[in-house]
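These notes concern the structure reproduced below.
Each reported figure results from applying straightforward, stated rules to the coordinates on display, with no laboratory input. These numbers were taken from a predicted model, which means no experiment stands behind them. Neighbour counts run over all protein chains shown; Cβ positions are idealised from the backbone, glycine included.
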C-alpha cells in the first residue's frame, strides 16, 4: 500500500486484492474510502509530524515576499559594504596599482582572425603531406628535436635546380612551411614586446612608420598593425582576434629581406585584406635614401626580430645594427631566440647602440637636439649586462610568451597540445638621455593594503558602545572618523597621490625606469618569496619578500611572474648574485659561486633503500655472524 498526503488529508491510492488471477481495487466496488488502518503509535506520531511540516510549508523554510527598495538606498548600501564581505559581482583590484603597472598584462596571445584566415587559405592551396615534410625538414633534426633556423639558405641558386621555376617553387614551399610554423610564434613574441613598449612610453607616443630588418613572412608587420591601433579603436576595447589591419595607425612599412620565398609569402597573405591607409614595400638592402631625418623619427620604429643569429659573422650583425642606428628612428627594437647565441647577439647590439649614444653626448658637434640613448626595456640601467660574458655566457636574460595554437599549427606539427611557450631575448633602445630616478612611491596600496590598514585602524579605535553589523551608518561613521594608518611594510606617498588615473600612470611610468626586473621565475615558498632581479645598480640581486613585510608587498610578490617589474623594496638588504665563469677557454675557471641564480637550492637526496638491498645486507650479516661464531669456537677449543 502506498500513501500520499495532500492538504492534510490521508487517502489511499492503491489497495487491491487478487480476484480470479487479476488485481481489483476494492474502492471500485464500495465507492467509500478505505477503513482506517491500525498503525503503531510511533508511526502515527511520525506521520503527524510530516503533516504539520507540509502545512507550514517546504519542510520548515519560510519565504518572505520581495521588498521594493529605492535605487538611492541600494547605492548607499553598496558604498557601506565592508571590504571583507564576499559579494557576488563586487570585484576589487587586490594588486597595488604599481604592481599592476609593472606586470605583464597581455596574457596568452590569440592569432587574429584575419591572419588565421589568410594562412588557412594559403594552406588549402598547398599539398598537406608535402607541407608537413617541409616543416619537419626545416624545423626538426633527425633525432626529432627542434632545429635551428640559422641553417636556412637566404637564396636558392638556380644552378642547383633544373630551372629557375623549380628553385622558385622550392623557396615558396619553404616560405609556406615558415608561415605555418614560425610566423605565429614570432608574432606572439613581437606583439608582447610592442605591448610592453606602449605602456613604458608616454601616452602621446604614436607610431606611423616601421622599418623591419629580416621581415620574413611579415610577422613583425602583423604584430605592429595589431599592437598600434588608432586611439578610437584602442579605447573601444576590441579583442585582439577581432582587430583589423585597416584600423592601425601604421602608415608606411619598409621590409628588408633577401629571402625571396619568404617575402612572396608575406605579400600573398595581404592579397585580399583591406589595408586602409597602409603603404607597404620590400627591398633587399637598406639604402641611404630610406633614412629618416633625426627630427622626424619620433613616430618611427626600427625592428629586427629573429634576424641577428641568422647572420653568419659578427661583422654582418654589427652592420645591421649600425643601419638601424642610422635609420633615424627614435625607438629601436631587437628580438632574438632565448639561446646563448641569441642572448649574446642581443647583448652585443645593446652595448653598440649605447656606445653610439655616449659618443654623441661627448661630441659637441653632433647634429640634432636629441642626442644619446638609453634602455627602455628590459634593463633598469644603461650599464654593462651582468649576465653577459662574451664567449662564456652560461645564463641568459630571456622571457617567455604563450600563444594559443591555431588549428593549422596543430595539424602541421601533428600535435594535440593547444598552446606553445615562445622564449625570446630582446632589448628596446630609445634616443635621448635616460629619465632621472624618481623618489616618489605612488600606487603602492591596493585592496589588500586597504583592508589591512582598515583593520589596524579599527583595532586602535576605542570601543564606546556596542554596534550591530547590520547598521551601515555606524560602520560608515567609524570608517570616516578612523585615522589613516599606513599598512605595514609599505612606503607610500598617500598624501600627494595623483588625482586622475592618467596622472598616476605617468608617475608610475617615470618611476618604473629604476624598478628591478624579474629575469628568472620567482621562487614562491610558504612564508616568503624569492625574486632574482636585475636592479638599477646593474647587478643581479636576490630580493626576499617575507610575510612579515606586510600583506600588500607579499601579495604583489606572490602574484608576480617572470619578466615583471617589482615596485616594492625588500625588507632586508638584497643579496648580490654572481654569474659563474665557465672553463671554456684557456685560463677559465670552474664555477665557484652564483650557479644557483634563478634556481632552487639543491637538497641532498637520501639513498633509496630497496628490498633487494635489505635482503642482501641481512644475508651478509648472517654469514658474518656464523663465521664469527665458528672462529670463537675454534679459539675456545685451542
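The stretch between residue 133 and residue 411 holds 98.9 nm of extra length on full extension. This uses 0.36 nm per residue minus the Cα-Cα distance. For the listed peptides 505-511, 416-422, a ranking on the average number of other beta carbons within 10 Å per residue, highest first, reads 505-511, 416-422. Here each label is just a point 7 Å from Cα along the line to Cβ, and for residue 290 and residue 525 those points are 5.3 nm apart.
Relative to the current alpha-carbon distance between residue 271 and residue 361, full extension at 0.36 nm per residue lengthens the span by 27.8 nm. Just so you know, the Rg over Rh for segment 104-431 is 0.95, from Cα atoms, with Rh as the Kirkwood radius. Here the spin labels are modelled as points 7 Å beyond Cα on the Cα-Cβ line, and at residue 620 and residue 121 they lie 7.5 nm apart. Modelled this way, with points 7 Å down the Cα-to-C-beta line, the labels at residue 402 and residue 203 are 3.1 nm from one another. Classification of segment 259-410 by its C-alpha gyration tensor yields an oblate form. The axis ratio a/c (a ≥ b ≥ c) is 1.5 or more, and b/c is at least a/b.
Which order do 272, 247 fall in if you start with the one that has the fewest other Cβ atoms within 10 Å? Could the numbers behind the result be given before it?
Details: 272 10, 247 17.
In order of increasing Cβ crowding within 10 Å: 272, 247.
Sorting 249-259, 37-47, 311-321 by average packing, meaning the other beta carbons within 10 Å per residue, from highest down gives 249-259, 311-321, 37-47. Using the average count of surrounding beta-carbon atoms within 10 Å as a protection proxy, the listed peptides 120-130, 102-112 rank, highest first, as 102-112, 120-130. Using C-alpha pairs below 8 Å separated by at least 6 residues, the relative contact order for segment 104-431 is 21 percent.
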